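Structure first, then comments.
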Amino acid sequence: MDADTDIRKLSIDTIRGLSMDAVQKANAGHPGTAMALAPLAYTLFKRFLHVNPADTEWPDRDRFILSSGHACVLQYSLLHLCGYDLELEDLKQFRQWGSRCPGHPERGHTPGIEVTTGPLGQGVANAVGMAIAERFLSDRFNRPGRELVDHHTYAICSDGDMMEGISQEAASIAGHFGLGKLVVCYDDNHITIDGTTSLSFDGENHTRRFEADGWHVQRVEDSEDLDALEAAIAAGRDETERPSFISIRSHIAYPAPHAIDTAKSHGAALGEDEVRATKEVMGFDPERTFWVDERVYEHMSLREQGASAQAAWQGRFDTWAETFPDMAEDWKRAWSGGLRDGWRESLPTFAAGESIATRSAGQKAMGAFAEFAPTMIGGAADLVESTKTIFEGGGEFSKVHAGRNIPFGIREHAMGAIVNGAAAHGGIVKPYGSTFLIFSDYMRGSVRLSALMGLPVVWVWTHDSVALGEDGPTHQPVEHYAALRAIPRLWVIRPADANETSIAWKVALEREDGPVALLLSRQNVETLDRSETAPADGLEQGGYVLWDSSTGDGAPELILIATGAEVGSTLAAAKAIAAEGPRVRVVSMPCMELFEAQSEQYREQVLPRVSTARLAVEPGASMSWWKWVGSDGDVLGLDRFGASAPGTTVLKELGFNTENIATRARALLDSRT
């Protein structure tokens with residue numbers, strides 16, 4: 001065995017040893033995949049990955065995603081050995097409270113982790129989003145001989161990733177767009193948690209499926225064949241017209257003498273005896289744990305070559321910036337997540353009485369700020385004419401043109417993960433995805449991960465209530481407001497009218513630490529007369545006193561709280577009741593999350609404790625509202641499915657009109673006497 005072969009084998013076996021030891025110490029984790037994929041991961045990191053471990057934010061680094069996030073101990077071992085800020089002590093704390101090596105990769109938690117993975121299939125779609133971002137940014141900023149954006153996205157996926165529908169959605173669109181800088185390596189180990197893949201996944205030809213989707217496809221029959229792995233990855237990297245898929249036959253838990261090719265080795269520690277036996281097979285001292293030969297550190301470190309590559313890139317950037325100063329300003333803003341100056345002033349205002357759907361008001365807002373956010377991209381799931389989320393003149397993203405408008409097709413789940421990937425890539429300001437609110441169900445996994453990662457993305461969901469009408473209960477959202485509000489760190493905004501919609505977009509564009517969901521109406525909504533009510537920028541507090549019948553010091557006897565299109569009819573009901581004498585207040589609460597984030601003093605000003613007669617009005621599940629109305633209040637909600645009829649008829653029959661709101665409010669007042 002020559003010196004090069006020796007150090008490669010030692011490095012690969014060190015990855016296996018660290019993976020076994022970390023899982024064994026934690027007595028939890030997934031060692032088998034990490035052991036089997038050590039040669040692939042070694043080859044990818046050592047031979048192909050252009051990164052700088054000292055600067056994980058370098059814009060032109062290659063991106064690596066472990067979609068099979070359960071095998072994260074593999075990635076942690078690689079990050080440690082390659083020189084990232086991840087110590088051996090961190091590996092020893094794998095899966096423990098406060099550890100930098102959690103049970104699945106978490107963006108922002110561990111240096112070198114690009115996205116949070118674990119729910120299978122998500123990472124594959126994230127990788128597609130990153131490849132789209134790379135294509136868009138290279139088209140926008142690169143000039144002949146002055147290339148700033150020129151990197152690849154690599155992903156490793158598993159049988160589970162392949163089985164989840166989201167990966168097929170993502171593969172389809174990646175092939176359609178010809179994303180030539182995307183390379184996905186599939187770990188074909190024939191094992192799932194329940195047993196072998198013969199139970200559920202041997203009925204299809206996986207490689208032929210990807211060929212049909214327009215991918216460049218290769219097969220490596222032995223995951224231990226480093227030359228074959230290197231040749232396949234090189235061929236995938238060199239393919240520029242199509243994304244590349246490399247199917248690699250591996251043996252889970254290799255080279256463990258008894259655990260190899262067993263389902264048990266997928267999700268449980270091997271046991272002390274098997275770990276010792278495996279180390280003996282590898283020629284390691286079975287008594288030593290977390291052992292790394294200094295030669296491995298020297299061989300695997302990417303710090304020197306990464307720093308050199310980034311320095312060369314920085315030189316190109318400096319020359320480019322001098323030549324194209326205006327583009328350089330846009331570049332800096334894009335990578336800091338900002339918009340050009342003047343965007344706030346560009347947002348439209350709407351005249352009192354104007355009847356306009358909030359989805360249409362959203363379209364006008366997007367048209368106004370479009371030029372101030374030149375690297376904002378997104379699209380709809382085949383519903384752009386309905387959701388009205390298009391940048392006019394921005395062009396369509398396709399195989400031949402990197403336009404701003406992405407035609408996602410009817411692929412909601414992948415759309416969500418692709419948007420997340422574009423945001424995680426960087427340089428893409430506020431990427432967005434849109435569809436009908438009812439179909440947020442189809443993308444919930446991606447939406448949840450956008451919140452978990454704190455990604456500054458925007459979800460635009462229209463046709464936001466039973467008022468959409470004739471399509472009926474299959475398309476009418478009911479439980480969706482409450483379900484979305486249950487996701488931590490997701491701001492859900494349902495604006496009352498066109499002016500609140502404009503402010504809602506302002507909030508979405510300003511937020512830096514998480515996603516914002518805009519719930520917009522299909523039907524026209526009368527624009528409130530702000531000379532008679534509070535200004536629409538009260539939305540920035542989440543909830544605000546829209547109208548109060550009394551200007552005196554007395555607390556309101558009745559408070560009506562509403563969101564969205566129902567604010568107008570609630571206001572009309574409040575005025576009718578106030579004319580009868582009671583002190584009545586109307587609170588617009590478009591975003592519960594923002595309201596809850598306000599000071600206790602502010603919340604008390606809006607909803608004074610002494611005012612216990614509170615009625616919330618919203619055509620959705622009532623469970624979100626009891627916190628705000630209290631046990632003495634009432635909720636005019638919708639704890640049933642809708643019906644097929646014209647929207648105005650549905651609202652009337654279900655009680656969401658001025659007359660019924662007033663009736664419910666009077667009954668609440670009467671109960672106090």
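Quick one: is E294 in contact with a Pro (Cβ under 6 Å, 6 or more places away or on another chain) and open to solvent by 20 Å² or more (accessible area, probe 1.4 Å)? Before you say what the answer is, go through the steps one by one.
Details: in contact with a Pro (Cβ under 6 Å, 6 or more places away or on another chain): no; open to solvent by 20 Å² or more (accessible area, probe 1.4 Å): yes.
Judged against the criteria, E294 is not a match.
Return yes when D4 is surrounded by fewer than 24 Cβ atoms within 10 Å (Cβ to Cβ), assigned to a helix (DSSP H, G or I) and at pLDDT below 95 and no when it is not. Yes: the conditions hold for D4. Annotation: K46 fulfils all but one of (1) within 27 Å of A235 (Cβ to Cβ); (2) open to solvent by less than 10 Å² (accessible area, probe 1.4 Å); the unmet one is (2). I need the full set of residues from region 257-280 which are closer than 21 Å to H190 by Cβ, in a helix (DSSP H, G or I) and either touching a residue at least 12 places away in the same chain (Cβ under 8 Å) or more than 35 Å from the chain's Cα centre (by Cα) (or both), in order please. Listed by number, the residues that qualify are S265, H266, G267, E274, T278. When F397 is tested against (1) over 19 Å from the mean Cα position of the chain (by Cα); (2) closer than 20 Å to E134 by Cα; (3) surrounded by fewer than 22 Cβ atoms within 10 Å (Cβ to Cβ); (4) not hydroxyl-bearing (S, T, Y), just one condition goes unmet, and that condition is (3). Taken over region 79-121, the criterion of being open to solvent by 20 Å² or more (accessible area, probe 1.4 Å), under 17 Å from S301 (Cβ atoms) and either at pLDDT below 95 or in contact with a Gly (Cβ under 6 Å, 6 or more places away or on another chain) (or both) is satisfied by Y84 alone. So for region 448-460 (the condition being at pLDDT 95 or above, within 24 Å of R530 (Cα to Cα) and hydrophobic (A, V, I, L, M, F, W, C)), does at least one residue qualify? Scanning region 448-460, I find no residue that is at pLDDT 95 or above, within 24 Å of R530 (Cα to Cα) and hydrophobic (A, V, I, L, M, F, W, C), so the answer is no.
In region 578-603, the residues that are open to solvent by 20 Å² or more (accessible area, probe 1.4 Å) reach residues that are part of a loop (DSSP other than H, G, I, E, B) and modelled with pLDDT of 95 or more with C-beta atoms within less than 6 angstrom, at least six apart or across chains, in these pairs: A578/S549; P582/E557; R583/S549; R583/P556; R583/E557; R585/P556. Taking every residue in region 376-388 that is closer than 20 Å to N524 by Cβ and pairing it with any residue that is in a helix (DSSP H, G or I) and open to solvent by less than 30 Å² (accessible area, probe 1.4 Å), at least 6 positions away or on another chain, the pairs with Cβ-Cβ distances below 7 Å are K388/S360; K388/G362.
This table checks each residue for (1) open to solvent by less than 70 Å² (accessible area, probe 1.4 Å); (2) within 27 Å of I406 (Cα to Cα); (3) of a type in the set (A, V, I, L, M); (4) out of contact with any Phe, Trp or Tyr (no Cβ under 9 Å at 6 or more places or on another chain).
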position: S308; (1), (2), (3), (4): no, no, no, yes
position: E329; (1), (2), (3), (4): no, yes, no, yes
position: I356; (1), (2), (3), (4): yes, yes, yes, no
position: M376; (1), (2), (3), (4): yes, yes, yes, no
position: A381; (1), (2), (3), (4): yes, yes, yes, no
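For region 25-72, a residue qualifies if it is assigned to a loop (DSSP other than H, G, I, E, B) and basic (K, R), and exactly one does: R61.
How about region 194-234: which of its residues are outside any loop (DSSP other than H, G, I, E, B) and either open to solvent by 60 Å² or more (accessible area, probe 1.4 Å) or free of Cβ contacts under 8 Å to residues at least 24 places away in the same chain (or both)?
Here is the first cut: in region 194-234, the ones outside any loop (DSSP other than H, G, I, E, B) are 195-199, 206-212, 216-220, 226-234.
Across region 194-234, the qualifying residues are T196, S198, L199, R208, E211, A212, R219, D227, A228, E230, A231, A232.
Taken over region 134-172, the criterion of being surrounded by fewer than 23 Cβ atoms within 10 Å (Cβ to Cβ), aliphatic (A, V, I, L, M) and closer than 22 Å to G378 by Cβ is satisfied by V149 alone. May I ask you to verify whether D471 is outside any loop (DSSP other than H, G, I, E, B), at pLDDT 95 or above and under 27 Å from N524 (Cα atoms)? Taking the combined requirement at face value, the residue does not satisfy it.
Determine whether region 605-625 contains at least one residue that is among the aromatic types (F, W, Y), more than 32 Å from the chain's Cα centre (by Cα) and either surrounded by 15 or more Cβ atoms within 10 Å (Cβ to Cβ) or under 26 Å from L519 (Cα atoms) (or both). Spell out the reasoning first.
First pass over region 605-625, keeping only residues among the aromatic types (F, W, Y): 625.
In the following step, the residues that additionally are more than 32 Å from the chain's Cα centre (by Cα) were identified as none.
No - not one qualifying residue is present in region 605-625.
Counting only strands (runs of 3 or more DSSP E) that sit completely within region 521-638, those holding 2 or more residues that are farther than 16 Å from A498 by Cα correspond to 544-548, 558-562, 584-588, 614-617, 634-636.
Residues in region 237-251: is at least one among the β-branched types (V, I, T) and in contact with a Ser or Thr (Cβ under 6 Å, 6 or more places away or on another chain)? Yes, there is a match, as at least one residue in region 237-251 is among the β-branched types (V, I, T) and in contact with a Ser or Thr (Cβ under 6 Å, 6 or more places away or on another chain). Could you grab me the full set of residues in region 394-444 that are among the hydroxyl-bearing types (S, T, Y) and in a loop (DSSP other than H, G, I, E, B)? Passing the criteria: only S398.
Counting residues in region 661-670 that are out of contact with any Gly (no Cβ under 8 Å at 6 or more places or on another chain), open to solvent by 30 Å² or more (accessible area, probe 1.4 Å) and closer than 10 Å to V466 by Cα gives zero. Could you tell me whether A351 is assigned to a loop (DSSP other than H, G, I, E, B), over 29 Å from the mean Cα position of the chain (by Cα) and either at pLDDT 95 or above or surrounded by fewer than 16 Cβ atoms within 10 Å (Cβ to Cβ) (or both)? Yes: the conditions hold for A351. Among the residues of region 242-261, those identified as within 16 Å of S19 (Cβ to Cβ) and open to solvent by 10 Å² or more (accessible area, probe 1.4 Å) are H251, Y254, P255, A259, I260.
Does at least one position in region 282-290 carry a residue that is assigned to a loop (DSSP other than H, G, I, E, B), within 19 Å of V73 (Cβ to Cβ), without any contact (Cβ under 8 Å) to a residue 40 or more places away in the chain and open to solvent by 50 Å² or more (accessible area, probe 1.4 Å)? Checking region 282-290: at least one residue is assigned to a loop (DSSP other than H, G, I, E, B), within 19 Å of V73 (Cβ to Cβ), without any contact (Cβ under 8 Å) to a residue 40 or more places away in the chain and open to solvent by 50 Å² or more (accessible area, probe 1.4 Å). Of note, A321 does not satisfy the criterion of being more than 30 Å from D537 (Cα to Cα) and in contact (Cβ under 8 Å) with a residue 12 or more places away in the chain.
Confirm whether R340 is assigned to a loop (DSSP other than H, G, I, E, B) and either surrounded by fewer than 21 Cβ atoms within 10 Å (Cβ to Cβ) or in contact (Cβ under 8 Å) with a residue 40 or more places away in the chain (or both). In short, yes.
Looking across region 548-558 at every residue that is touching a helix residue (DSSP H, G or I) at 6+ places or on another chain (Cβ under 9 Å) and open to solvent by less than 40 Å² (accessible area, probe 1.4 Å), the one that is modelled with the highest pLDDT is identified as L558.
The values are calculated or read from the model by the stated rules, or taken from the named source; none is laboratory data. Computed from a predicted structure; not experimentally measured. Here the Cβ is made from the backbone with ideal geometry for all residues, glycine too, and neighbour counts use every protein chain on show. SASA here: full protein model, heavy atoms, side chains in, ligands and nucleic acids out. Shrake-Rupley method; radii C 1.70, N 1.55, O 1.52, S 1.80 Å.
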